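Read through the structure below, which is laid out as structure tokens, and then see the notes.
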Amino acid sequence: MNNNVFSLKKVFLLIIVTIAGVLWSVIFHQPLVVGFIPGFLLLVFLAKAKHLSSRQILKISLRGVYKTRIVILILFLVSFLLPSWYLSGTIDQMVKVALHFILPEYFISITFMIAMIFSMLLGTTVGTLSAIGIPILSTAMVLNLPADIVAGALISGALVGDRTSPFSSAHQLLAHTIEVPVKQQWGAMLLTTMIAVAISIGFYGTADILTDGLIRNVEPIIWEELTLVKFIPPIILVVLVLFRVSIVYSFASSILAASLISIYNGVSFTEIITAFWNGIEGLGGGFVHMYELLLFLALAGAYNGLIEEMNVIQPYLDKWLQDSQSLTGDTMKTLSATLIISLIAANQTLPIILTGRSFLPHWSNKYGKEELSRVMGDTTMLFPGMIPWSVLTIMCSTIVGIPLIEYLPYAIFLWILPLLTILISLVKHSRSGNKAAAA
């Protein structure tokens, strides 16, 4: 299929229809799967125009859905996690402990640092937000702190590890794609990571100062009311993820443990099933609120499968760098290309693979693989966390229960890094120009 290159007009049409559809869904609060259908149908039409049979299109689409099965399973289980933890008393108990140990006047900055530490150890955004996100946001509500700012701090901290931790599958995929050892890649990202973390801590410290007057006094903890049993579900989740057990099995084990504790405490099986289906009023969760997202993820998987199999975008990425002249220009081109791919791919994997494979030869020859690692680490790894219909964003916003548009202004780690990587490329380009002039 590689010799059947799509015309630029068709590629632009596909991008416009896909983005317009999902934007319509976001703006008018309609299911994402509905807004994504026009783009998918257009892609199917283009595939038919390339003489692919309906059977081939179906087969490729199903392969794409199969690749997203883990994400679909995770979100399916996430819909049960909050209800099970609520019924078992786990959330209530974790909130009481958090209120005792976390200083309210530093709550937002401590939230960022706790999420960052957890994510560096676990290497997963989903595991981090599931383990600490629910109790921390519940604690913030008790303290009367703005949920959108706390969610921004949580997700910023969780994305530190997702992007940077050597245990992160996305970090490993980037290293493999651009053929850089993980240790070397970590070093290439270190400077922008340290600056972004420092800026984030300063930002959340300022937020703590500005929200100090909002904090509500709470009653002191009564230790006799706490039981170790109610800590079992989150302990199981964290321990299994730390030991690199599949996140699906980790979630299922935690939900099962919480359900058994609920039954032991007198909650009926019918009540558990009802909570799993409808969620918890005021907190969220429940399959009825999740199935539309699951359908969207399946359709996005089929779409990505067709995009990758038919080589829709890559030929134009290959041509784009032929007239590049500077590190700054190449940084901007890489950033723009990976943003466009992220907008239409709706996941983290395809932008990493397509951008990495297409741009690697050029960057290797001109600047070195480590420079590409830095630029992609600061852009490709984070853009999927800022696009409303991206799988990563959907998982984050679903777990914390707050829409992207509300927490993104406060998720400073996500959007400060692309700016930093452009600035560093400018500085390096300027220095290389000065050296050339001096020589």
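The values are calculated or read from the model by the stated rules, or taken from the named source; none is laboratory data. All values reported here derive from a predicted model rather than from experimental measurement. Positions of Cβ are generated from backbone atoms using ideal geometry, with glycine treated the same way; all protein chains shown enter the neighbour counts.
Summary of values
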{"item": "When residues of the range 327-359 are limited to those that are over 27 Å from Ala20 (Cβ atoms) and surrounded by fewer than 17 Cβ atoms within 10 Å (Cβ to Cβ), the one modelled with the highest pLDDT", "result": "Gly329"}
{"item": "Single condition Pro31 does not satisfy, out of (1) crowded, with 19+ Cβ neighbours inside 10 Å; (2) under 20 Å from the mean Cα position of the chain (by Cα); (3) not small (Gly, Ala, Ser)", "result": "(1)"}
{"item": "Test: Glu309 is among the charged types (D, E, K, R), closer than 18 Å to Thr68 by Cα and more than 21 Å from the chain's Cα centre (by Cα)", "result": "yes"}
{"item": "Residues (of a type in the set (A, V, I, L, M) and touching an Asp or Glu at 6+ places or on another chain (Cβ under 8 Å)) located in the range 34-93", "result": "Ile60, Leu87"}
{"item": "Helices (runs of 4 or more DSSP H) contained in the range 368-415 and holding at least 2 residues of a type outside the set (Lys, Arg), touching a helix residue (DSSP H, G or I) at 6+ places or on another chain (Cβ under 6 Å) and more than 30 Å from Pro181 (Cβ to Cβ)", "result": "391-400, 404-407"}
{"item": "Test: residue in the range 71-86 that is loosely packed, with under 14 Cβ neighbours inside 10 Å and among the small types (Gly, Ala, Ser)", "result": "no"}
{"item": "Evaluation of Met290 against (1) buried (at least 23 other Cβ atoms within 10 Å of the Cβ); (2) under 30 Å from Val229 (Cβ atoms) (one fails), failing number", "result": "(1)"}
{"item": "Conditions (1) surrounded by fewer than 19 Cβ atoms within 10 Å (Cβ to Cβ); (2) modelled with pLDDT of 90 or more: number failed by Gly39", "result": "(1)"}
{"item": "Residues of the range 309-350 satisfying the condition of being in a helix (DSSP H, G or I) and within 25 Å of Pro31 (Cα to Cα)", "result": "Leu339, Ile340, Ile341, Ser342, Leu343, Ile344, Ala345, Thr349, Leu350"}
{"item": "Among the residues listed as Ser169, Ser156, the single one being at pLDDT below 90 and within 19 Å of the chain's Cα centre (by Cα)", "result": "Ser169"}
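Table: residues versus (1) surrounded by 24 or more Cβ atoms within 10 Å (Cβ to Cβ); (2) modelled with pLDDT of 95 or more; (3) in contact with a Lys or Arg (Cβ under 8 Å, 6 or more places away or on another chain); (4) within 21 Å of Ile352 (Cβ to Cβ).
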site: Met381; (1), (2), (3), (4): yes, no, yes, yes
site: Pro388; (1), (2), (3), (4): no, no, no, yes
site: Thr398; (1), (2), (3), (4): no, no, no, no
site: Ile402; (1), (2), (3), (4): no, no, no, no
site: Ile416; (1), (2), (3), (4): no, yes, no, yes
site: Ala437; (1), (2), (3), (4): no, no, no, no
